[in-house]
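See below for the structure under consideration.
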Amino acid sequence: MSRLTLPSRTLISLLAAASFAPLAHAQTATSDKQRVEELEQRLLILERKLEIQTEEAATKAKEAPVVTASDKGFSLKNAKGDYEIKFSALAQIDHRAFLDDDGAFRDGFVTRRLRPTIQGSAGKLVAFRFTPEFAGANGVGDGGATSAIVDAYFDLKFDPRASLRIGKQKGPIGLERLQSGGSIELIERGFPTELVPNRDLGVALFGEFANSTINYTIGVFNGTADGRDVSTADDGLKEYEGRVFFEPFKNDFGALKGLGFGIAGSTGAKDGNGNNLIARYRTPGQNTFFTYDATVLASGKHSRYVPQAYYYYNSLGLLAEYAVSEQDLTRAGTERTIKNDAYSVTASYVLTGEDASFKGIKPSAPYAIGTDGWGAVELVARIGALSIDSAAFEGTTAGATANRFANPATQAKKAESYGVGVNWLLTQNAKLSTDFNFTQFDGGAATGDRRDEKAVFTRLTIQY
Amino acid sequence: MKRTLIVLAAALLSTAASAKDFLNVSYDPTRELYKDVNTVFAADWKAKTGETLDIKTSHGGSGKQARAVIDGLSADVVTLALAYDIDSIAEKAALLPKDWQKRLPENSSPYTSTIVFLVRKGNPKGIKDWGDLIKPGVKVITPNPKTSGGARWNYLAAWGWALKQPGGSEATAKDYVTKLFANVPVLDTGARGSTTTFVQRGIGDVLLAWENEAFLSINELGPDKFDIVAPSVSILAEPPVALVDKNVDKHGTRKAAEAYLNFLYGPQGQALAAKHYYRPRKPELAAAADVARFPKLPLFTLESVFGSWAKAQSTHFSDGGVFDQITGASK
């Protein structure tokens, strides 16, 4: 090797390089191909892992419980939606003022309703609702200040056509009574509600037919005095209540879509004395204008019938009902059937253009700071009257044989009321209302008529 | 009155003539098999009894299907991947007796299968046996044994092979399976997902597969794409079948359910099993050409290596079990 000249060495090096170059090139190409394949595999693996993660996330999302918070409350339910628990509430704070009453009635603030509600479903069959009242019985004008249970019932939902409701629930008779306390047009319900049961304890079968255009309820209950709540079986007797309601154009889009009409009634028996058995009636100002004498007893049949209707078309709403309550009473051996009746017609109009509805109004532009939304404004008006059977005032008044059921010098024979008001629904959760109800009476005073009642009520409603 | 009786009789007759519902809850890879079985059995049953059966089959991951039956899916019969899944139905929902597996021959498994390797055409990585799966650079595709019945068979087959090697022990088997899962780049939740990963996404060098799934992949995508490699030894997978006593008594389908399961052991059932690449218990009842397709390889039973499904489950696949330990080690 040492004998090779420099040019020779250079030539050999060049030849060697030339002869090994294809092999080196081939090795490089193979290595590059492997590297590309390896990188391609890695990319495919990453893509597949991402795909699997996405599939797993989608599967988990389908099975995960759903938590919702909305203007209708807070709820937690399983992915299928058949197990759910929902929290909602209704709170109403009123200010009550009575004009020209010479201090006869108490002006001031009242916590009218303070009702948290827990409701939900346990599978497709079972639903429940539990609503305590923390405003005390004062809120409904019954006296006393204890808390109470408003609703406590279970539903067994066998079929949309036939479900059972068991427990304490609204009696199915009065149309305005069935409307939610947060959705009624005027601050207090009208006179017919004074003649129908409020909440009652019992079992009701309910359902709907014909594409929801016919709904019904029939049930057996402990029975209540007119307009009142009951939670115990005072006399061991029962009351049978029922209602059928038609909305024949509910699924159409014409002017009659919002028409509903029906009839409700009850029959049963009551025996004895006490606020759960004997009626006493209030004005829209929540003042009692009629009670029976303390010695009057319920002594037999008590029945009611209530034709009712509503009509909603665009911003206009009309609700009307007529109620008759007929009850056998006795005092000092004298039995009479007393037939009291009441009616009311309520009209409403939403100035801001939203649709009026039995279930309330949903503001199209809810009030919100910094926006143009001011909520919805509704004007309302109502006329109504409650008449006491003249037979209640017949009879003698003195001694052991006194058999007059009510004293015309203290109890009015009739109350007739006119009301107007305005509701400002800031949002679906907040409503400010004010109304004025003028009520005049027949009788009810030592001389002439009981003093007219001029009630100005204002209310803040918070509900979700 | 006469008219009423006629109407009633017509109603009864129409009820009798209407098809009776019948549900077989099965696992994923049996779709093709039970499609054929249902058709042939329904015709056979109609010819023998005059009764029309509307047989439906539900498919999904074996464990998931078992949970569905426990939760109320009203199966007349279950045909699942693992005896453990039917044990769960017996224990948790008491829908059939705990000794259900003794009621039919061959551990209530009318057909068997095994675990084989599906490799890319020409077997570029030269994979011939279980030992090749842990070589560096070999990517193995198998689903997650925590979620897939098929994957448990894969895992137990690999474990059993390692135990049978010279000097094999629990420790060497654990070491082997740890290395094996270190070579698994993607863990799908089910057997069909793994097949998708390997066959359609082109990931990996070898798929550990049910034998029938491996054959189906080749049939669907062409023999020019994949080869089946039979390892030196594998596990005898015994997919069990059982009638669900409480449900058949409620539906009035006990006789049909018994006949349906017995049909699987008969000539037609065994022939259909072989046609769909399940190994028939009685090969002489199946078409010879179908039986000839199965590679000959020694198969060990789960009981011979692991004792029972319950024991294998608690040792290897329960939370904190061996699989959790080795996947923690392989991360």
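The values are calculated or read from the model by the stated rules, or taken from the named source; none is laboratory data. Since the model is a prediction, treat every value here as computed from it, not as a measurement. Note: ideal-geometry Cβ built from the backbone for every residue, glycine included; neighbour counts use all protein chains shown. Remember, those area values only see protein heavy atoms, side chains included, never the ligands or the DNA or RNA. Shrake-Rupley method; radii C 1.70, N 1.55, O 1.52, S 1.80 Å.
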Using θ = phi - 60° and Karplus 6.51 cos²θ - 1.76 cosθ + 1.60, couplings along the range A:105-110 (whole Hz; Gly, Pro as x): 10, 8, 7, x, 8, 9
Using the Cα gyration tensor of chain B, with a ≥ b ≥ c the square roots of its eigenvalues, what is the shape: rounded (a/c below 1.5), prolate (a/b larger than b/c) or oblate (neither)? prolate
FRET E, pair B:Val291, A:Asn273, Förster distance 60 Å, beta-carbon r, rounded to 0.05: 0.05
Does anyone have the angle between helix A:6-63 and the longest principal axis of chain A? Alpha-carbon axes, 0 to 90°, nearest 10? 10
Where does helix B:83-92 land angle-wise versus the long Cα axis of chain B, in degrees 0 to 90, nearest 10? 60
Where A:Val66, B:Val138 fall by accessible area, highest first, once all protein chains stay in place (1.4 Å): A:Val66, B:Val138
Measure off 7 Å from each Cα along the Cα-to-Cβ vector at A:Leu39 and A:Ala400, then give the distance between these two points in nanometres to one decimal. 11.7
Arrange the peptides A:325-335, A:413-423, A:185-195 so that the one whose residues have, on average, the most other Cβ atoms within 10 Å appears first. A:185-195, A:413-423, A:325-335
Using only the Cα atoms of the range A:301-405, build the gyration tensor, take square roots of its eigenvalues as a ≥ b ≥ c, and label the shape rounded, prolate or oblate: rounded if a/c is under 1.5, else prolate if a/b is larger than b/c, else oblate. prolate
Helical mean residue ellipticity (222 nm; -39500 (n - 2.57) per DSSP H run of 4+; nearest 500) of chain B: -13500 deg cm²/dmol
Looking at chain B as a GNM with Cα springs under 10 Å, which of B:Ser217, B:Ser62, B:Ser318 has the largest mean-square fluctuation? B:Ser318
Log10 I(q)/I(0) at q = 0.15, 0.22 Å⁻¹ for the range A:387-464, from Debye over equal alpha-carbon scatterers, is -0.67, -0.94
Setting aside same-chain residues fewer than 8 positions from B:Lys255, which aspartates and glutamates have a Cα under 18 Å from its Cα? B:Asp21, B:Asp44, B:Glu51, B:Asp54, B:Asp76, B:Asp245
Can you give the Rg and Dmax of chain A based on its C-alpha atoms, in angstrom? 36.5, 160
Tell me the net charge near B:Thr57. Cut-off is 9 Å between Cβ atoms, B:Thr57 excluded, with +1 for each Lys or Arg and -1 for each Asp or Glu. +3
Run the numbers on the range A:65-463 and let me know its relative contact order in percent, using alpha-carbon pairs under 8 Å that are six or more apart. 13
Extension gain (nm, one decimal) between A:Ile85 and A:Thr68, 0.36 nm per residue minus Cα-Cα: 5.1 nm
Over all directions, average the projected area of the Cα convex hull of the range A:259-351 and note it in nm². 7.2
Rounded to the nearest whole Å², what accessible area per residue is found for chain A with the 1.4 Å probe? 50
Restricting to Cα pairs under 8 Å and 6 or more apart, the percent relative contact order of the range A:384-455 works out to 28
Phi angles of the range A:172-187, converted by Karplus (6.51 cos²θ - 1.76 cosθ + 1.60, θ = phi - 60°) into ³J(HN,Hα) in whole Hz with x for Gly and Pro, give x, 9, x, 5, 5, 4, 6, 6, 4, x, x, 10, 5, 6, 8, 5
What does the accessible area per residue of the range B:161-280 come to in Å², with a 1.4 Å probe and no ligands, DNA or RNA counted? 36
Taking 28 Å as the cut-off for C-alpha to C-alpha distance, list the pairs among A:Lys33/B:Lys225; A:Lys86/A:Lys168; A:Lys257/A:Lys413; A:Lys80/B:Lys64; B:Lys92/B:Lys311; A:Lys250/B:Lys20 that go past it. A:Lys257/A:Lys413; A:Lys250/B:Lys20
By accessible area of protein heavy atoms, probe 1.4 Å, what ranking do A:Arg459, B:Arg192, B:Arg279, A:Arg35 get, highest first? A:Arg35, B:Arg192, B:Arg279, A:Arg459
Could you tell me the largest-minus-smallest coordinate of the C-alpha atoms of the protein assembly as shown on each of the three principal axes, in descending order and whole angstroms? 149, 91, 51
